[in-house]
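Below is one structure, written out as structure tokens, with a few remarks after it.
The values are calculated or read from the model by the stated rules, or taken from the named source; none is laboratory data. Given the structure is predicted, the values throughout are model-derived calculations rather than measurements. Reconstructed Cβ throughout: ideal geometry from the backbone, glycine too, with neighbour counts over all protein chains shown. Heads up: the accessible areas ignore ligands, DNA and RNA and are worked out on the full protein's heavy atoms, side chains in. Shrake-Rupley method; radii C 1.70, N 1.55, O 1.52, S 1.80 Å.
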Amino acid sequence: MASTYLSSITGAFLSPFHQVALDKLFSCLVDYLSQDSPSSSEDPNKLQQLVQNDLKAFRNSREKIKGTLRVARKLQKQDESVAHFLRELRDVVYAAQDLEDDLEYIELHKKFNKQQPESSTQSSAKRPRIASSQQLELSLDDILNNVRNITEQLNCIDSGLKDAIKMAMLFKELDKHEENSLGGQHHILQKRHVTTSSMNARKIYGREYEKAQLIRMVKEPPSVNSNVSVLPILGLGGIGKTTLAQYLFNHQEVESNFHEKAWIFVSHNFDRLRITREIIDSLSDHKGCKFPYSTNLDCLETELKKKLTGKRFLLVLDDVWSNEWTELLFPFDSAAAECVKIVVTARDQIVLQGKGKRNEIILKGLEEKDYWSFFVSCAFGDEDPAKYSPRLHDVGKQIARRLKGSPLAAKTVGQVLWRKLNVEHWMYVLKSNLWELGTDGNNIMPALALSYYHLPEHLQLCFCFCSMFPKGYEFNANSIVCMWISHGYVFEAELSSKTAEDIGHEYVIELLCRSFFEYGSSKECLKIHDLLHDLAHSVSLGECYTYEGQTPKRIPESARHLCVQSSVNLSSICEMKNLRTLVIFRGELQAHELEALKNIRVLVLLDSEVKEISPSIGHLKHLRYLDLYETSIESLPESLCELYQLKVLKLKKLGTLPSQLSNLINLQFFVINCQKGLAFSRPWELVFPLKKETGYRIAQLKGMKKLRGTLTIRKLENIQSKEDAREANLKEKCHLKELRLFWSGAFSNSHVVEEVLDSLQPHPNLTNLYIVKYMGSRTPSWLMTYSMQNLKKILLYGCANWHLLPTLGQLPFLKTVSLEDMTATIESIEDLDVVFPSLEKLELEQASISFDGMSVTRQERRYFPRLCHLSITSCDIVQGLPWTQLSALEDLKIYYSPGLDGQLPGCLQGLTSLTKLMIREAKMESLPGGVMNNLKALKILDVSLCNELTAVALQALSSLKYLKISGCSKFVYWQSEMQEAEALLPNLHDMHIEYCQSLEYLPTWLSSITSLKILSIVTCPLFRSLPESGLPSLLRELCILGCDKGLIDRCQDQGSQEWLKIKHIRDRKFSVLSL
């Protein structure tokens, strides 16, 4: 039965989570009990010995079960009793995690109570309290009783596991004995289904594109670099990878293209020696007489290379599970074969190790029409579907839609449907889950479960958690990673610089590569294939549950992660104290319900009708993740400030903040006041609009030293002194990546503004800095020193009085500088050998900028060696740019900038790497050959609104693909007449000439540009004739609008000279009217 198979692999849902939880509890106990001891009923003289004995017993139990688990995990897949004890361990681990949390919370609560002023009884009375002292404190007796209880349960589980392991090993020996007595037949029956090159299906449905692609790739000649090509076929279990490979292997065109072929079933236990033998056995001169079974791999590979000399060889490696298969490439790479094509079928991109990336085919579900045809053949067998009622067909289509195009799922369900071809039976199947259908081990659920079993244990844990969400639900990658972290599912390595978030996102990438996740409507959103969702739900055995509100039955007590899609009385359907995750789509939580969620760690409310949350939220002392973003909540109760372990808090908008918000010292991601569209593009942005009155005071950020992501502080004019600014404590927020500081531009004392900015010094780890409408004239001291060496991006906007900027060119990692709406000078330090060593993007807009001290006379000094993108828009002054040293520049945009009129076009001469040039409204008479001859890499040239421009030299632009000249009223002359016309513009694809009132003709060499596909002439009233030599023979589109009426009439008059020049063009558009 599939369900039995699946239930036996669920023990992995715990490890290594349980080991980490037990280790953390032990460390926490040692730290907690080494301080002033809590109250106890025991004699103080016995206290120390009791503590030591209980800690020692717990440590011993922890170490014992670790050793037992190493054996148990190897047997859990085969033995249900082992899996049963592993599931029991889950509850003990959760109890250990809760105890550790309780102790940590008590310590944090004591810390903040000590910080409160004791002198004021009134303020103490006003201070929010969230629970009774009994809930906030644990006596030593309570702690030790909990430890003893956990120790006793660990010992019991350890004993049961050992007995189960002994029985499992005994049965394993009996199986081995039976296998020997049956001559190995038993082993063969128990093995995974072996594939061969023989076609299983009489007909392949769909996959026309993939079949054509594969045949094309295997027939392609080998590349110059290697005669070995890898062709991967990737996809979920049961999606049709093997069938497609069989089709290719047996195709007549493929058969005739190779001297030799071999089909090898690789499977889980990779054996290089076995596979090499089987390849040799498959060769034509060995058929009929087996190659001696040598154990010398070198001899076998030498023989293989000898047999392949001068031959074309096709090898299929089916069902590959590890990257060890790449070892098989060694002899092929050194063989003197004419061509080797290796088709690899696998479920996981990671095993490819990058091999064949360019050729990979990723199989998804069959198209709907093809899938229905295949489904009908599986469900009706040899019966004629037309004999059965339309109602039966309708139910069948509903079942087929659930299977999401999976061929193996159609076979699995088809076997069940075929037993009874009636509506009642098919409706039963429609309402069933796949793992409940009682299929054998070679069908869809066991096939998918095999992929799950091969996941690393930490990925099993994270994947199963996601089955809590409804089918088809798209969840945000950043959010799901934080949920995993909140539950302790992401494991940080010691001495690693990676954060838990970094590691969590690596988990996401791995699950994507292994096809357990797929992208949703955007790259930020993920979802799970419906069949894999069924798998995840089944292996979690009720731990993850989605309540749709259609059935009144009570949710199993095993449920720890619950998603509720309809409004319901929660206490009536579940044991709320067991829940660790709760996601509610509709409805709100009452005070008594919140109080019952004593162990909750993740809470998400998605109902926009919810306008407030009860002060009882403060009871949730284990809460790490609180998402209220989709609600209409605009204020939070003061009690929330005692959720000391909260790491993530998300709300759409808050009118005021709780006064003690700074107590949330573990808060890492705080999302408020963020626009809807930015919630995903910048998912962790805290927008903090300061107010003079209470509600948004800078001091409320003080204790949040662990904040991550982006911090945006608005209305900084409301800070009255440098002392107030220091209260933000930005210098200690070492995890912030981006800081945005906004003044509103309102008049304020410039001296105070300067002191405020100086006191808002960020931590040196900051990478992105935005300063907007700063009205001071002095650079903050922290930006003038080497303290901000990690900055990668700086944006300054509207800083009207800040005329002398710091020496930004010394920052070693700075990649982007954007200056807008300001007049300033950027200084350079004389003793620097490289100025702006890493800068890749420079943007100047509505600014007057001078680069001071950038003399090009010092040959050993370099400027902007990596600058690729330069944008200058609406700038009155741009002085001091060392144009001759911008040899790396690829993209240049100059719009409406009179500050460059005296420098154009000469400043372009040294830009040898330029690929894109866009100029708007510049005063220049021409783009002469002396300048353009150096722009051999240019691919895009767009010149507009240059009213003085009369001529453009194009002859040297051998890479040009796109040309546009627009709004240049004096443009008349093409400086490109050449005797060897065939050498001109060999790559030009698009040519657009618009609003050039003086242009009369196109160049005579135009007909020789065979690459030109699109030509448009718009609103050029003097343009009266096409070139005598005609237009390019391969031109596809011609558009002439708003030009000479006589020309347009002749172009549409069949038989005229102009018509003969254009009759070969497929798409033609003419009109005397402009666009």
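Data table
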| quantity | calculated |
| --- | --- |
| Failed item in (1) open to solvent by 50 Å² or more (accessible area, probe 1.4 Å); (2) assigned to a loop (DSSP other than H, G, I, E, B); (3) not small (Gly, Ala, Ser), with Lys731 passing the rest | (2) |
| Residues within segment 478-506 that are part of a loop (DSSP other than H, G, I, E, B), of a type in the set (A, V, I, L, M, F, W, C) and either touching a helix residue (DSSP H, G or I) at 6+ places or on another chain (Cβ under 9 Å) or open to solvent by less than 10 Å² (accessible area, probe 1.4 Å) (or both), tallied | 3 |
| Counted residues, segment 490-532 - those being of a type in the set (Ser, Thr, Tyr), without any contact (Cβ under 8 Å) to a residue 24 or more places away in the chain and over 21 Å from Phe469 (Cα atoms) | 2 |
| Residue ID - nearest to Ser566 (Cα to Cα), chosen from residues in segment 603-651 that are more than 31 Å from the chain's Cα centre (by Cα) and of a type in the set (Ser, Thr, Tyr) | Ser614 |
| Selected residue (only one of Leu814, Leu769 is assigned to a loop (DSSP other than H, G, I, E, B), modelled with pLDDT of 95 or more and not small (Gly, Ala, Ser)) | Leu814 |
| Test: residue in segment 314-324 that is in a helix (DSSP H, G or I), in contact (Cβ under 8 Å) with a residue 12 or more places away in the chain and open to solvent by 60 Å² or more (accessible area, probe 1.4 Å) | yes |
| Leading residue by the ranking (most open to solvent (accessible area, probe 1.4 Å)) among those in segment 620-649 that are farther than 20 Å from Met576 by Cβ and assigned to a helix (DSSP H, G or I) | Glu638 |
| Scan of segment 767-799 for residues that are aliphatic (A, V, I, L, M), more than 26 Å from the chain's Cα centre (by Cα) and surrounded by fewer than 20 Cβ atoms within 10 Å (Cβ to Cβ), ordered by number | Met784, Leu795 |
| Where Arg192 falls short, out of the listed (1) modelled with pLDDT of 75 or more; (2) open to solvent by 40 Å² or more (accessible area, probe 1.4 Å); (3) under 35 Å from the mean Cα position of the chain (by Cα) | (1) |
| Count of residues meeting criterion [out of contact with any helix residue (DSSP H, G or I) (no Cβ under 7 Å at 6 or more places or on another chain) and crowded, with 21+ Cβ neighbours inside 10 Å] in segment 655-670 | 3 |
| Test set (1) modelled with pLDDT of 95 or more; (2) buried (at least 19 other Cβ atoms within 10 Å of the Cβ); (3) farther than 19 Å from Met991 by Cα - Leu963 fails condition number | (3) |
| Yes/no for Tyr995 being on the phi > 0 side of the Ramachandran plot, without any contact (Cβ under 8 Å) to a residue 60 or more places away in the chain and surrounded by 15 or more Cβ atoms within 10 Å (Cβ to Cβ) | yes |
| Residue within segment 880-887 that is without any contact (Cβ under 8 Å) to a residue 40 or more places away in the chain, surrounded by fewer than 16 Cβ atoms within 10 Å (Cβ to Cβ) and touching a Cys at 6+ places or on another chain (Cβ under 9 Å) present | yes |
| Matching residues in segment 197-215 - criterion: being under 32 Å from the mean Cα position of the chain (by Cα) and without any contact (Cβ under 8 Å) to a residue 12 or more places away in the chain | Glu208, Tyr209, Ala212 |
| Count - residues of segment 511-529 that are within 16 Å of Tyr452 (Cα to Cα) and touching a Leu at 6+ places or on another chain (Cβ under 8 Å) | 8 |
| Flag if Lys162 is in a helix (DSSP H, G or I), open to solvent by 50 Å² or more (accessible area, probe 1.4 Å) and modelled with pLDDT of 80 or more | yes |
| Inter-residue pairs, beta-carbon under 8 Å, first within 20 Å of Thr656 (Cβ to Cβ) and in segment 672-696, second at pLDDT below 70 and part of a helix (DSSP H, G or I), 6+ apart | Glu685/Leu678 |
| Hits in segment 378-418 (condition: assigned to a loop (DSSP other than H, G, I, E, B) and touching a residue at least 12 places away in the same chain (Cβ under 8 Å)) | Gly381, Glu383, Tyr388, Ser389, Leu403, Lys404, Gly405, Ser406 |
| Residue within segment 374-392 that is surrounded by 20 or more Cβ atoms within 10 Å (Cβ to Cβ), at pLDDT 85 or above and either touching an Asp or Glu at 6+ places or on another chain (Cβ under 8 Å) or within 19 Å of Gly235 (Cα to Cα) (or both) present | yes |
| Of residues in segment 828-839 being buried (at least 18 other Cβ atoms within 10 Å of the Cβ) and of a type outside the set (Ser, Thr, Tyr), the one nearest to Tyr770 (Cα to Cα) | Leu839 |
| Pair list, Cβ under 6 Å, 6 or more apart: segment 785-799 residue more than 18 Å from Cys875 (Cβ to Cβ), other residue open to solvent by 10 Å² or more (accessible area, probe 1.4 Å) and in a strand (DSSP E or B) | Lys793/Asn768; Lys793/Thr816 |
| Identity of the residue in segment 896-919, in a strand (DSSP E or B) and surrounded by fewer than 18 Cβ atoms within 10 Å (Cβ to Cβ), that ends up nearest to the chain's Cα centre (by Cα) | Lys916 |
| Single unsatisfied condition, Val351 versus (1) surrounded by fewer than 20 Cβ atoms within 10 Å (Cβ to Cβ); (2) outside any loop (DSSP other than H, G, I, E, B) | (1) |
| Residue in segment 701-711 that is more than 20 Å from Lys773 (Cα to Cα) and in a strand (DSSP E or B) present | yes |
| In segment 595-612, residue nearest to Asp101 (Cα to Cα) [restricted to those that are of a type in the set (A, V, I, L, M, F, W, C) and either out of contact with any helix residue (DSSP H, G or I) (no Cβ under 8 Å at 6 or more places or on another chain) or buried (at least 23 other Cβ atoms within 10 Å of the Cβ) (or both)] | Ile600 |
| For Ser1008: the one exception among (1) among the polar types (S, T, N, Q); (2) farther than 25 Å from Asp1049 by Cβ; (3) out of contact with any helix residue (DSSP H, G or I) (no Cβ under 7 Å at 6 or more places or on another chain) | (3) |
| Segment 236-280: number of residues that are in a loop (DSSP other than H, G, I, E, B) and surrounded by 21 or more Cβ atoms within 10 Å (Cβ to Cβ) | 5 |
| Number of the exception - Leu589 against (1) more than 31 Å from the chain's Cα centre (by Cα); (2) open to solvent by 40 Å² or more (accessible area, probe 1.4 Å); (3) more than 22 Å from Asp91 (Cα to Cα) | (2) |
